[in-house]
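These notes are about the structure you will find just below.
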Amino acid sequence: MNPFTALTPYRLRIVLRMAFPLLAVATLGLAVSVLQQEKQLSYQAYEQSFYKTREQIAATLRHPTGQLALLNPRAGQNPGLHPVLLPFAALDFDDQTKVQQAIAMAGCAAQYGDKGTLCVGIGNNPWAGGFIYVAGTFNSAPLAAHPLREIAIDQAHRIDVKISLRGQEYHWIAPFEQTGDPASGGIRGRLTGYTAAEAGQPRARPVKDFRGWIWQSPVCTPEGAPDCSHNAFFSVRLPVGVLQDALFAKSRPAWPPEDLANIDVSVALLPPGDGPALLDTKRDQATPLFSLRDLQTLLLPGETLRVRDAQGKEVLSLSGASGSGDQSWHALLTLVRHLPVDTTIKALETRSSVPTPLGNFEIELNGDARSVSDTLSVVATRVSWFVGAILAALLVAWLVVEAGIIRPISILTRRADKVARSVKTAGALDEFDLSDLRGRDELGVLATCLHDLLRRVREDVEKEAIRAEQERDMWHAVGHEIMSPLQSLMALHGGEQDPSGRYIHRMQQAVRVLYGQASPSEAFQSTTLQLESLDLDAFLRDVAANAPCVGIEGVKYECGAPATVKADPYALEDVVTHILNNANRHRRPGTPITIALTSDERTASLSIRNEGASIAPELIDKVFEYGVSGQEEGASRGQGLFVVKTYMAKMGGTVSARNVAGGAEFTLTLHIAGS
């Protein structure tokens, strides 16, 4: 015997249950495989990126802008305007073209928005003199010159320069003095410097070593505008006595000055009069120059850049910032670090040198490929939520299949197999043929069971049709035999004052309702009632008074306000009588049955209450269904309360039952006539 034959009835369940764990394992395996591939690719990409970063940093530092940053490693650390060490021995300040080329190559010109540019620096050769050079551009109307032998200088364009260092302050004001003919193309002139204390005073003497020139373009911007401005370029050499004295105090002066970053410079380009400055370094915000710290953006996490000067002193140390502030799970980080890759690269180190006028600077770049694992683990942490969502979806799907499909199929299979064994002796099923679906698995068992059950159902339907036809014939016969005696009784008790007449009418109506119907429930549901206006208070008085005539003693009516409702009097009397009979059966001997009437503008409600056993909780919502009874089997057909619900619905009313303290209460609600 095949050992797998015993598993055949369970193979569908085994396949469904094994599919979900296999999908979960496959999902985890796919995620780990993708992580391993990404780690391998990241290691290779990191190695290539490391060497590209080295070349990019070296190329940046060999450029004049980078040279300027190397010569001024602490530039930008202190707020304000400070001179920088230029990669030139000095500036040829009186030659416009040479100064502009030198500034452009050095990249020392700071941009002050649309106001202009400014470069402040010193030469790298101490023997060129202790001078600070200021050069830049600004926009203004045609320059106004200071006339010769004119004492006042505030009617001309002028430059105001202040320098503070080592506890001393130098302050010069240099008005523009025009030289040359403007018709030759543009305006050109010198800037004659005076100390601020003597400027504008009689017999003021210009500062001997102060030199400055200014050139203004003849082209206006925008071109053709009546009040357009012209671009002007100026170059100034400032003699700083403190620096000059320090140069000649030693045989080998320290250059550049150690406090270069602490020298404060202020420059203001003033128009004629007392108007606002065209360019003021204290007021206008400048775009910072390129500095060595800007190289940090080129570094990846785990990389370190160190710069040493010609003496071997470290002037800069930078580390790559983390690409994200997100934290990774320790478990994922451990997993990523232990994933094998086809490379042994762990640490990288390169060294290179960049020549400058002050000597060769050494650039050391260190990298660690293992930092790739840290970055990859952060990405994996974010992606893990998607993997977790897939696993959660698989778990939910498995629970749904297990609870909604497999478990019901298992129960149905067991029960269907049991039912099928009990009906195998019945006749064959001709109309429904499920033989092609039979088998030993779940579907086969269900198909076999359904084949037998459908055959049995067909037989039951045929039997039910025969029984219904026999019941209809019986009700025809019973109705015909009862109607004749009732007609005779109506002749004897048909007077208006005879109370027996109303009960004979009720008997005739009950016979007409059931006459010709296949079942009592169908008969009651198909009944047509004749609604009329009925004085509910008088009606209930008569019902309570006549209750002893039908064997119900102790019915007490609590009079309410008169209320006229829309109802069929015979049907309503049947409704009340059925409820009274039900209350009489379940009340304690000797206790009364209370009828109470309440009403409002739209509805009238009457309640019937007894004292005795309460309705079972499992029956309180089913007592109005046909065939439901609280008594033992055979003692009641469960028909009375069904009639109550059916008649109340046909009269547009409602009925409800509830347990109260000491007994039960039924409430009937009808609409007020005319509402």
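The values are calculated or read from the model by the stated rules, or taken from the named source; none is laboratory data. In this text, all values refer to a predicted model and were calculated from it rather than measured experimentally. Cβ coordinates were reconstructed from backbone atoms using ideal geometry, including for glycine residues, and neighbour counts include every protein chain displayed.
The residues of segment 58-80 that are surrounded by 22 or more Cβ atoms within 10 Å (Cβ to Cβ) and out of contact with any Phe, Trp or Tyr (no Cβ under 8 Å at 6 or more places or on another chain), listed by number, are Q67, L71, N72, A75. Among the residues examined, S266 qualifies as modelled with pLDDT of 85 or more, assigned by TED's automatic domain parsing to the domain that holds G107 and assigned to a strand (DSSP E or B).
As for segment 299-310, it holds at least one residue that is at pLDDT below 85, of a type outside the set (K, R) and surrounded by fewer than 16 Cβ atoms within 10 Å (Cβ to Cβ). Counting only helices (runs of 4 or more DSSP H) that fall entirely inside segment 8-106 and contain at least 3 residues that are more than 25 Å from G359 (Cα to Cα), the qualifying elements are 11-62, 96-106. Exactly one residue out of A128, A174, A135 is among the aliphatic types (A, V, I, L, M) and either surrounded by fewer than 19 Cβ atoms within 10 Å (Cβ to Cβ) or not assigned by TED's automatic domain parsing to the domain that holds F248 (or both), and it is A128.
Residue pairs whose Cβ atoms lie under 7 Å apart, sitting 6 or more positions apart in sequence or on different chains, and linking a residue in segment 610-629 that is assigned by TED's automatic domain parsing to the domain that holds H578 and under 17 Å from Y647 (Cα atoms) to a partner that is of a type in the set (S, T, Y) and surrounded by fewer than 14 Cβ atoms within 10 Å (Cβ to Cβ), do not occur here.
Only residues that are among the small types (G, A, S) and under 26 Å from Q530 (Cα atoms): list them for segment 569-622, please.
Result: A571, A596, S599, A604, S605, S607.
For segment 347-358, indicate whether the set of residues that are among the hydroxyl-bearing types (S, T, Y), at pLDDT below 85, assigned to a strand (DSSP E or B) and surrounded by 14 or more Cβ atoms within 10 Å (Cβ to Cβ) is non-empty. Yes, segment 347-358 contains at least one residue that is among the hydroxyl-bearing types (S, T, Y), at pLDDT below 85, assigned to a strand (DSSP E or B) and surrounded by 14 or more Cβ atoms within 10 Å (Cβ to Cβ).
Filter segment 580-621 for residues that are among the charged types (D, E, K, R) and exposed (fewer than 14 other Cβ atoms within 10 Å of the Cβ); which is farthest from A544 (Cα to Cα)? Can you show your working first?
Let us first name the residues in segment 580-621 that are among the charged types (D, E, K, R), namely 585, 587-588, 600-602, 609, 611, 618, 621.
With the extra rule that they be exposed (fewer than 14 other Cβ atoms within 10 Å of the Cβ), the set shrinks to 588, 600-602, 618, 621.
Numbers: R588: 19, D600: 23, E601: 25, R602: 25, E618: 31, D621: 28 Å.
My answer is E618.
C228 meets each of the listed conditions (1) crowded, with 16+ Cβ neighbours inside 10 Å; (2) more than 14 Å from L118 (Cα to Cα) apart from (1).
If I filter segment 231-239 for residues that are basic (K, R), assigned by TED's automatic domain parsing to the domain that holds L85 and touching a Lys or Arg at 6+ places or on another chain (Cβ under 9 Å), do I get at least one hit?
Filtering segment 231-239 down to residues basic (K, R) leaves 237.
Then keep just the ones that are assigned by TED's automatic domain parsing to the domain that holds L85; that gives 237.
Checking the rest, the ones that are also touching a Lys or Arg at 6+ places or on another chain (Cβ under 9 Å) come to 237.
So far as segment 231-239 goes, yes, one or more of its residues are basic (K, R), assigned by TED's automatic domain parsing to the domain that holds L85 and touching a Lys or Arg at 6+ places or on another chain (Cβ under 9 Å).
The criterion of at least 2 residues that are within 27 Å of P288 (Cβ to Cβ) is met by the following strands (runs of 3 or more DSSP E) wholly inside segment 107-214: 116-122, 131-140, 158-165, 168-178.
The rows are residues; the columns are (1) more than 30 Å from E258 (Cα to Cα); (2) surrounded by fewer than 19 Cβ atoms within 10 Å (Cβ to Cβ); (3) at pLDDT 90 or above.
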position	(1), (2), (3)
P142	yes, yes, no
L148	yes, yes, no
A152	yes, yes, no
I163	no, no, yes
E169	no, yes, yes
T179	yes, yes, no
G185	yes, yes, no
A197	no, yes, no
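Within segment 293-310, residues that are on the phi > 0 side of the Ramachandran plot reach partners that are part of a strand (DSSP E or B) with beta carbons closer than 6 Å, at six or more positions or on different chains, in the pairs G302/D368.
Annotation: T53 fulfils all but one of (1) over 26 Å from L278 (Cβ atoms); (2) of a type in the set (S, T, Y); (3) loosely packed, with under 12 Cβ neighbours inside 10 Å; the unmet one is (3).
Of the residues T53, T65, which single one is out of contact with any strand residue (DSSP E or B) (no Cβ under 9 Å at 6 or more places or on another chain) and of a type in the set (S, T, Y)? Break it down into steps so the answer makes sense when it comes.
Values: T53 fails: out of contact with any strand residue (DSSP E or B) (no Cβ under 9 Å at 6 or more places or on another chain).
Unique residue meeting the criteria: T65.
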